[in-house]
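The values are calculated or read from the model by the stated rules, or taken from the named source; none is laboratory data. This is a predicted model, so every value here is computed, not measured. Positions of Cβ are backbone-derived with ideal geometry, glycine not excepted, and every protein chain shown enters the neighbour counts. These accessible areas exclude ligands, DNA and RNA; they are computed on the full protein's heavy atoms, side chains included. Shrake-Rupley method; radii C 1.70, N 1.55, O 1.52, S 1.80 Å.
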Amino acid sequence: MSRRSFRPSLCRLLLAVLILLALGPLPAVASGSADRFEELVNGFAEAALQGDDGQPATLRRWQGPIKLRLAGDRAPDHRRVVLDQLRRMASIAGLAVEVLPADGGPAENLKIVFEGGSGYQVNGRDAGCYTRTRFDRRGALLHVEVRINTRHAGRNGACAAHELMHAMGFPGHPTQLRSVLNPVHGIVAATEEDAVLLKLLYAPELELGQPAATTLQQVRNLLVRQLGFAAPPSAVRE
């Protein structure tokens with residue numbers, strides 16, 4: 001190869017490397033088939049646009065920093081794990097997390113309470129943890145409270161991760177994805193699929209209050225153009 005032909009090729013290679021570095025690493029799940037693409041679209045619809053009762057839900061998310069308060073006698077025992085999980089999720093979503101003192105100070109918008117007892121009853125079912133969410137008519141999250149029962153030995157890790165994804169704005173439970181939102185798997189930390197869900201939910205292209213059909217078409221576009229997923233040609237529109 002001559003010097004004249006080598007330099008343009010090297011420049012193109014360097015440019016490609018710089019672009020990849022700017023975009024950041026793609027999730028490992030990005031190499032899947034068109035079927036995988038549809039699985040992710042449907043998973044997002046179940047997680048973000050469907051409630052626990054299976055009914056349509058408003059798209060919701062934080063509009064600013066998360067102001068966290070940890071409460072309950074067992075909070076110090078679980079502080080590190082919860083903070084690590086929340087900060088990872090918030091980082092993917094592009095949100096800052098401010099940890100408030102246990103008592104006093106400014107008002108929190110996310111409160112996580114660790115408490116003992118025999119557990120909870122949620123929608124007529126026994127539960128080791130649950131989340132209460134308050135949001136405005138457009139879907140902007142105003143206040144979230146997570147309660148975790150520490151007597152459910154071996155379940156607190158899965159409970160915390162599951163409820164933190166609810167706290168980030170996902171009301172539903174996708175049935176096919178390997179996600180902490182899927183209660184069947186008992187996963188104790190956010191997965192690559194959860195990272196994809198968070199990137200989609202907090203993409204600037206998605207607007208609160210818009211129709212669900214518009215949101216899902218934008219999700220399809222984002223999966224292909226920004227996250228590198230393979231999709232049927234008909235899935236992407238300008």
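The table that follows gives values for the structure above.
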{"item": "Residues satisfying the stated conditions in the range 72-87, i.e. open to solvent by 20 Å² or more (accessible area, probe 1.4 Å) and in contact with a strand residue (DSSP E or B) (Cβ under 9 Å, 6 or more places away or on another chain)", "result": "Gly72, Asp73, Arg74, Pro76, Asp77, His78, Arg79, Arg87"}
{"item": "Hits in the range 42-71 (condition: farther than 19 Å from Arg147 by Cβ and among the small types (Gly, Ala, Ser))", "result": "Gly43, Ala45, Ala47, Ala48, Gly54, Ala57, Gly64"}
{"item": "Some residue of the range 97-105 being in a strand (DSSP E or B), open to solvent by less than 50 Å² (accessible area, probe 1.4 Å), at pLDDT 95 or above and closer than 23 Å to Leu206 by Cα", "result": "yes"}
{"item": "Complete set of residues in the range 141-158 that are open to solvent by 10 Å² or more (accessible area, probe 1.4 Å), of a type outside the set (Val, Ile, Thr) and either closer than 19 Å to Ala189 by Cα or modelled with pLDDT of 80 or more (or both)", "result": "Leu141, Leu142, His143, Glu145, Arg147, His152, Ala153, Gly154, Arg155, Asn156, Gly157, Ala158"}
{"item": "Unmet requirement for Ala90, which otherwise passes all of (1) surrounded by 15 or more Cβ atoms within 10 Å (Cβ to Cβ); (2) in contact with a Gly (Cβ under 9 Å, 6 or more places away or on another chain)", "result": "(2)"}
{"item": "Those residues of the range 211-234 which are surrounded by 14 or more Cβ atoms within 10 Å (Cβ to Cβ), within 27 Å of Leu142 (Cβ to Cβ) and not β-branched (Val, Ile, Thr), in sequence order", "result": "Ala212, Leu216, Gln218, Leu222"}
